[in-house]
Amino acid sequence: QAPLVESGGGSVQAGGSLRLSCTASGSIFRLYTMGWYRQAPGKQRELVATVTSSGSTYYADSVKGRFAISRDSAKNMVYLEMDSLEPEDAAVYYCNAEFAGVSRWGQGTQVTVSS
């Protein structure tokens, strides 16, 4: 299966913003439910946000009002706009694509937030 490739991670100060991008190959990208997950050191991977093929979105309570997930099916891209970042948001962020019970993951991109 073709990989997912994330980009856009980096280091910011608390209150700053970052935009993560994920590109996914495949002619049926438009059918995937796309999501962003994150994993901080010593913690389990957790769901951050998802966007379905029809554009419905879901957000974890911890990021509601601060993060926004979007997709551009013409470009096979999914984005995560992160505003008002907090030190607790620091983690490796992973892109996920799910379709017909099959889940694919990217390699992750590091987000560091300093207080």
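The values are calculated or read from the model by the stated rules, or taken from the named source; none is laboratory data. Being a predicted model, the structure only gives us computed values, none of them experimental. Reconstructed Cβ throughout: ideal geometry from the backbone, glycine too, with neighbour counts over all protein chains shown. Keep in mind that these areas ignore ligands, DNA and RNA; they rest on the heavy atoms of the full protein, side chains included. Shrake-Rupley method; radii C 1.70, N 1.55, O 1.52, S 1.80 Å.
Just a few scattered comments:
- Ranked by solvent-accessible area (1.4 Å probe, protein heavy atoms only, all chains present), the residues Val102, Val48, Val12 order from largest to smallest as Val102, Val12, Val48.
- Gln110-Asp61 FRET efficiency (beta carbon distance; Förster radius 22 Å; 0.05 resolution): 0.40
- Selection from Gly8, Asn96, Ala68, by position along the positive dipole direction of the chain (Cβ): Asn96
- Here the dipole of the chain is about 280 debye; that uses its Cα centre as origin and unit charges on the Cβ of Lys and Arg (positive) and Asp and Glu (negative).
- Kirkwood hydrodynamic radius of the chain, from inverse mean 1/r over distinct Cα pairs, in Å: 14.0
- Accessible surface computed residue by residue for the stretch 1-86, with neighbouring protein chains in place and a 1.4 Å probe, gives 53 Å² per residue.
- Residues in the stretch 1-22 reached by a label modelled at Asp72 [backbone nitrogen below 16 Å; 7 Å Cα→Cβ]: 5-8, 19-22
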